[in-house]
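The values are calculated or read from the model by the stated rules, or taken from the named source; none is laboratory data. Bear in mind that the values here come from a model prediction, so they are computed numbers and not experimental data. As a convention, Cβ positions derive from the backbone with ideal geometry for all residues, glycine included, and neighbour counts pool all protein chains shown. When the accessible area is computed, the model is the full protein with side chains, heavy atoms only, and any ligands, DNA or RNA have been set aside. Shrake-Rupley method; radii C 1.70, N 1.55, O 1.52, S 1.80 Å.
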Amino acid sequence: MTSAPSHLWLNALLQALQFVQSAWLSTLYTLGLTDDSHGAPAWPWDVRIAGENLVIDVALARQFAWMLAAIAFALACLLLAVFWRRAWRWLLVAAVGALALAPWPSPSLWLTDAVPTSFHTSPTGFTVESIARGSRVYTAQCVACHGADGRGEGPLAATLHRWPPTMASALLSRRADGELFWHVLYGMRDDQGVTMPGFAGRLSDREIWAALDYMRVLSASAGMAAGGSWPVPIALPSLSVKCANAPSRNIAEWRGNQRVRVVAVDAAHPPPFEDPRFLTLLVKHNGPPARETPAMRKVVSQRPDRALNANVTTLFGARADCIADGPEAWPVFAQIAGASSSSLAGTEWLADRDGWLRALAPAGRRGWADGGLMCTTSTALPDGAQAAPRADPLTATLRQMDDDPVRFVKGGFVH
């Protein structure tokens, strides 16, 4: 998922626009000037600033930024003229000149249709349980048109006057979460009629949000099948983690502090040894994973300084023992990897400190030696990274993750 080099100023602009619109909505709601819709403040207008258009068209974003700068400069001049009467003429000329010289892109380019839930965010937390629930909703209600693989080629797709969009693209990320929710709830239309029926009265809000969670995973799966990469940034799903004899805790406690390695294990693929560069999460299948293979036990048994505990060796240290506490994790991670459940064992993922899945080493391949980073903003390696893959490909991948963080904005993202 490599894109053009990122523009820090563009990302800052998008984040500022998102913040201003959200803050304005909260203010209107606090003052009682707008109602709520489905449990959150309702956006009162039928348009919003289209961050997704600014991401796609950098020239438009630059014009928009200069327009905002000219407006801000003109307002500052007018405010200063109120207090500096002796220079008010010159300040007025400067304000008019800035507005006259500013580019004024057509509003149709930087505004887009909005709905009352445009600025709503999902309340599910993108958990493994919600994704599994969404899978059941999607299978029952959506697969006939959108297809089991999310490519829009379900058995009823040909009966529609417009084919459903494929999820093996960045299409889902181009719309705000709240707008996707609204379209699922109330359907979509064009000049020729209904393009997607609404599910109001058939699905609850909770089921719709869960289905959207599943669609993110399905988008990753479809992207892997189509091009071998994730078409949009995907977060490490939240789940309960059980470490040795300690109480279960949510993986969200790890976020912001450390990278996470996720490893799919079974009887033939034992847990890896702990690594100080990241925390390791095991996703198991068909019962507890094996602690040692016969070959490894033989190697350890031949060492005079072997540890008494088979799960610890003086050569490699302790094996990872934090396990995803729930049966839904295995199929969810299989879809993220674009693999079948039967072939998932041995697959590894890397998540950055912010909780974004960044790299994938499929089972049976060379893994990090192949360059598994799948979410980047630049095509060039950081300075000095050219020689690192020969010595330690995993370290080079981790360095790329740290040097190239994911930047995500609702309704348009820089990634």
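Results, tabulated for the structure shown:
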{"item": "Evaluation of R261 against (1) modelled with pLDDT under 90; (2) of a type in the set (D, E, K, R); (3) buried (at least 16 other Cβ atoms within 10 Å of the Cβ); (4) not in a loop (DSSP other than H, G, I, E, B) (one fails), failing number", "result": "(1)"}
{"item": "First in segment 6-33 and closer than 24 Å to W66 by Cβ and open to solvent by less than 60 Å² (accessible area, probe 1.4 Å), second anywhere and outside any helix (DSSP H, G or I) and among the charged types (D, E, K, R), Cβ under 7 Å, 6 or more apart", "result": "S6/R407; N11/R407; Q18/K410; Q21/R48"}
{"item": "Meets criteria (aromatic (F, W, Y) and either assigned to a strand (DSSP E or B) or crowded, with 20+ Cβ neighbours inside 10 Å (or both)) for W182", "result": "yes"}
{"item": "Test result for A100, small (G, A, S) and either surrounded by 13 or more Cβ atoms within 10 Å (Cβ to Cβ) or not in a helix (DSSP H, G or I) (or both)", "result": "no"}
{"item": "Matching option when the condition is β-branched (V, I, T), buried (at least 16 other Cβ atoms within 10 Å of the Cβ) and modelled with pLDDT of 85 or more, among V217, V232", "result": "V217"}
{"item": "From the options A94, A74, residue that is part of a helix (DSSP H, G or I), at pLDDT 95 or above, under 25 Å from A50 (Cβ atoms) and open to solvent by less than 70 Å² (accessible area, probe 1.4 Å)", "result": "A74"}
{"item": "Long-range neighbours under 9 Å by Cβ, at least six apart or interchain, first residue closer than 11 Å to M67 by Cβ within segment 93-108, second surrounded by 15 or more Cβ atoms within 10 Å (Cβ to Cβ) and polar (S, T, N, Q)", "result": "A102/Q63; P103/Q63; W104/Q63; P105/Q63"}
{"item": "Criterion: charged (D, E, K, R) and either more than 28 Å from A359 (Cβ to Cβ) or modelled with pLDDT under 85 (or both) - qualifying residue of D149, D205", "result": "D205"}
{"item": "Criterion (part of a helix (DSSP H, G or I) and at pLDDT below 90) met by exactly one of A168, A158, A140", "result": "A158"}
{"item": "Among residues of segment 44-65, those that are part of a helix (DSSP H, G or I) and either of a type in the set (S, T, Y) or surrounded by 15 or more Cβ atoms within 10 Å (Cβ to Cβ) (or both), counted", "result": "11"}
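Conditions (1) loosely packed, with under 15 Cβ neighbours inside 10 Å; (2) in contact with a Lys or Arg (Cβ under 7 Å, 6 or more places away or on another chain), marked per residue:
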residue	(1), (2)
T112	no, yes
S122	no, no
A132	no, no
C142	no, no
D149	no, no
A158	yes, no
P164	no, no
D191	yes, no
M196	no, no
